[in-house]
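Notes follow once the structure below has been shown.
The values are calculated or read from the model by the stated rules, or taken from the named source; none is laboratory data. The shown structure was predicted, so the numbers you read here are calculated from the model rather than taken from an experiment. Please note: Cβ atoms are built from the backbone with ideal geometry, for glycine as well, and neighbour counts cover all protein chains shown.
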Amino acid sequence: MAKKGNRVQVILECTEHKATGQPGTSRYITTKNKKNTPDRVELKKFNPILKKMTVHKEIK
């Protein structure tokens, strides 16, 4: 049976990684409640390629 509610799966992608020109990308999959947070999510997550904490934004 499917889950009910406003919780949807979103993909977070690193914003700083594109500017460096290095190959690969840092992405995380998480969930959010669309009713409580209708706009895009921004979280600080660890980027294993750059080896530091960076801002990851929700992509569509």
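With respect to (1) within 11 Å of the chain's Cα centre (by Cα); (2) at pLDDT below 90; (3) not basic (Lys, Arg), the lone exception for VAL55 is condition (2). In summary, strands (runs of 3 or more DSSP E) completely within the chain and bearing 1 or more residues that are charged (D, E, K, R), loosely packed, with under 11 Cβ neighbours inside 10 Å and free of Cβ contacts under 8 Å to residues at least 40 places away in the same chain occur at 42-47, 52-59.
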